[in-house]
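To start, the structure under review is shown below, and the notes come after it.
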Amino acid sequence: MEDSKLPMSVRSNLLDLFGQIEREFENLYIENIELRREIDTLNDRLSADGQTVEGGDLTKGALKTKASHSTSQLSQKLKTTYKASTSKIVSSFKATTTRAVCQLLREYVGHRDGIWDVSVSRTAPVVLGTASADHSAMLWSIETGKCLLKYVGHAGSVNSIKFHPTEQMALTASGDQTAHIWRYMVQLPTAAPVPEVSAPCDEEVDFSDKDEVEGDPDGPSECPALRLASATLRSHQGVVICADWLVGGKQAVTASWDRAANLYDVETSELVHSLTGHDQELTHCCTHPTQRLVVTSSRDTTFRLWDFRDPSIHSVNVFQGHTDTVTSAVFTMSDNVVSGSDDRTVKVWDLKNMRSPIATIRTDSAVNRISVSVGQRLIALPHDNRQVRLFDMAGVRLARLPRSNRQGHRRMVCCTAWSEDNPSCNLFTCGFDRQAIGWNINIPALLQEK
């Protein structure tokens, strides 16, 4: 290595990557050894059982046929189980045959600190919303990247932003222990040409951590500011980390570091229910798009499903599927919940049977706020290591968004959000490099299947 011509930073990066690969294959090797031991044990049991069948001799007549048939069946079952288990373990190492085209279309630069959350409005005019640690939330023109409105009513970090399902209202959660509801009126500017920037999803060129985000450090110019909220939701005793609208938009739910989630009446701002039970700080909350269901995530390694469909019964179910902080859990349009964790896994659950996940995705970095597309049923995973990966609901890896010294995130990616109705940008990501990015994701094989 002393004769290597590679720069020290590149060599260190390579050594780190090879170390990760070695650890993954070491775990794989150990699991395969355990599987082989189980097979040997089961084979020994089969042989012992076969020798005592009705006290007969296995080398004669019907007993031999019966034992051979039983042995063959169990042997085939063991082979199938071993193959399935091994395939599941190594699935993350296999490259998908689907070639996804991932194109970076627009960068939204103007925040003065990291961006925690990104969301797309559900009513016209369709705008992009971002929530930042710089105590502000911004609304952006998706097509031009221009800031349309800056909300500065919070006295702390703005940790999440969600748009009302039918009205021009936004809901933001903050470190000032409150959530704000505020109305906005914006006019979209004329669309500007979109730069032609594209790359295959699995190509990557590293960059220096010293690279800074381009743009005006004082924020976007000529961006109107809004300071007053229409309503303020109070009652938490800690940071409000996330907030979301219940279906219909008449109620809102908040999640806090005080270990509780609160349900509010939007019109009166009054507390309706306090959802307690988590043992540690909450990290996220999400509502079902069509039913009165809420899922909350926590640092206690669990997520909880709260059911408000029956006004007289408010049931709760606790799910322990992770070994570290559950950073987010989101609903799909169907009967699924997808959870992500700092334990570097993402799990897909069936609401009808939540005893065990129907798919598990193992990654090489902690997972932050995930999102699931409605139409194509794709999961977008933002990672601490600056990567964004795409998977299907079966846990098959489809793509990795390009990241180089010219494009992509330069710091931790905090959140992803799909916008399938937009003809250009259908995926948005944000991170602690103070920017949000709009992507066009095209997966031809999946589109043909649909």
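Quick check on my filter: what residues within the range 270-298 are in a strand (DSSP E or B) and over 15 Å from residue 369 (Cβ atoms)? If you could, list the steps in order and put the result at the bottom.
Kept after step one, since they are in a strand (DSSP E or B), are these residues of the range 270-298: 271-276, 282-287, 293-298.
Scanning the range 270-298 gives 271, 272, 273, 274, 275, 276, 293, 294.
Which residue out of 40, 16 is part of a helix (DSSP H, G or I), over 23 Å from residue 344 (Cα atoms) and not aliphatic (A, V, I, L, M)? Reasoning before the result, please.
Details: 16 fails: over 23 Å from residue 344 (Cα atoms).
Only one candidate passes the filter, namely 40.
Taking residue 408 as the residue in question, decide whether it is on the phi > 0 side of the Ramachandran plot, in the same structural domain as residue 438 (by TED's automatic domain parsing), touching a residue at least 60 places away in the same chain (Cβ under 8 Å) and not in a strand (DSSP E or B). Lay out the reasoning, then the answer.
Values: on the phi > 0 side of the Ramachandran plot: yes; in the same structural domain as residue 438 (by TED's automatic domain parsing): yes; touching a residue at least 60 places away in the same chain (Cβ under 8 Å): yes; not in a strand (DSSP E or B): yes.
Considered against the rule, which asks whether it is on the phi > 0 side of the Ramachandran plot, in the same structural domain as residue 438 (by TED's automatic domain parsing), touching a residue at least 60 places away in the same chain (Cβ under 8 Å) and not in a strand (DSSP E or B), residue 408 comes out as yes.
Just name the residue that is farthest from residue 257 (Cα to Cα) out of those in the range 141-186 that are part of a loop (DSSP other than H, G, I, E, B) and β-branched (Val, Ile, Thr).
Per the stated criteria, the residue is 144.
Which count do you get for residues in the range 114-137 that are surrounded by 24 or more Cβ atoms within 10 Å (Cβ to Cβ), over 20 Å from the mean Cα position of the chain (by Cα) and of a type in the set (D, E, K, R)?
Selection size over the range 114-137: 0.
Name the one entry in 283, 301, 268, 254 that is assigned by TED's automatic domain parsing to the domain that holds residue 175, closer than 24 Å to residue 169 by Cβ and crowded, with 18+ Cβ neighbours inside 10 Å.
Details: 283 fails: closer than 24 Å to residue 169 by Cβ; 301 fails: closer than 24 Å to residue 169 by Cβ; 268 fails: crowded, with 18+ Cβ neighbours inside 10 Å.
Criteria check complete, one pass: 254.
Go over the candidates 431, 438, 408, 395 one by one and state the one that is surrounded by 23 or more Cβ atoms within 10 Å (Cβ to Cβ), at pLDDT below 95 and not acidic (Asp, Glu). Walk me through how you get there before you give the answer.
Details: 431 fails: at pLDDT below 95; 438 fails: at pLDDT below 95; 395 fails: surrounded by 23 or more Cβ atoms within 10 Å (Cβ to Cβ).
From the options 431, 438, 408, 395, the qualifying one is 408.
Which number in (1) closer than 24 Å to residue 239 by Cα; (2) in a strand (DSSP E or B) marks the one condition that residue 105 misses?
Unmet condition: (1).
Any idea how many residues of the range 138-177 are surrounded by fewer than 23 Cβ atoms within 10 Å (Cβ to Cβ) and of a type in the set (Ser, Thr, Tyr)?
4
Give the residues of the range 250-269 that are under 14 Å from residue 180 (Cα atoms) and not in a strand (DSSP E or B), sorted by residue number.
Within the range 250-269, 266, 267, 268, 269 meet the criteria.
Which residues, counting only those in the range 304-313, are in a strand (DSSP E or B) and surrounded by fewer than 15 Cβ atoms within 10 Å (Cβ to Cβ)? Full working, then the answer.
Here is the first cut: in the range 304-313, the residues in a strand (DSSP E or B) are 304-310, 313.
Across the range 304-313, the qualifying residues are 309, 310, 313.
Restricting to the range 13-27, what's the tally of residues that are surrounded by 12 or more Cβ atoms within 10 Å (Cβ to Cβ) and farther than 15 Å from residue 363 by Cβ?
Adding up the residues that qualify gives 3.
Please find, among 301, 327, 323, the residue that is part of a strand (DSSP E or B) and within 25 Å of residue 387 (Cα to Cα). Show your work before the answer.
Working: 301 fails: part of a strand (DSSP E or B); 323 fails: part of a strand (DSSP E or B).
Matching residue, one of 301, 327, 323: 327.
When both residues are 6+ apart or on different chains and their Cβ atoms are under 8 Å apart, which pairs have a first residue that lies in the range 141-163 and is on the phi > 0 side of the Ramachandran plot, and a second that is surrounded by fewer than 22 Cβ atoms within 10 Å (Cβ to Cβ) and modelled with pLDDT of 95 or more?
145/107; 145/109
Condition first: closer than 28 Å to residue 124 by Cβ, among the basic types (Lys, Arg) and assigned by TED's automatic domain parsing to the domain that holds residue 130. Can you find one or more residues in the range 364-386 that meet it?
Just the residues of the range 364-386 that are closer than 28 Å to residue 124 by Cβ, to begin with: 369-380, 382.
Next, only the ones that are among the basic types (Lys, Arg) stay: 369, 377.
Filter once more, keeping what is assigned by TED's automatic domain parsing to the domain that holds residue 130: 369, 377.
The answer is yes; a qualifying residue exists.
Can you name the strands (runs of 3 or more DSSP E) wholly within the range 338-394 that have at least 1 residues being under 24 Å from residue 434 (Cβ atoms)? If you could, list the steps in order and put the result at the bottom.
On the way: elements: 345-350, 359-362, 378-382, 388-392.
Hits in the range 338-394: 378-382, 388-392.
The values are calculated or read from the model by the stated rules, or taken from the named source; none is laboratory data. Since this is a predicted model, take the numbers as computed values, not measurements. Backbone-built Cβ (ideal geometry, glycine too); neighbour counts: all protein chains shown.
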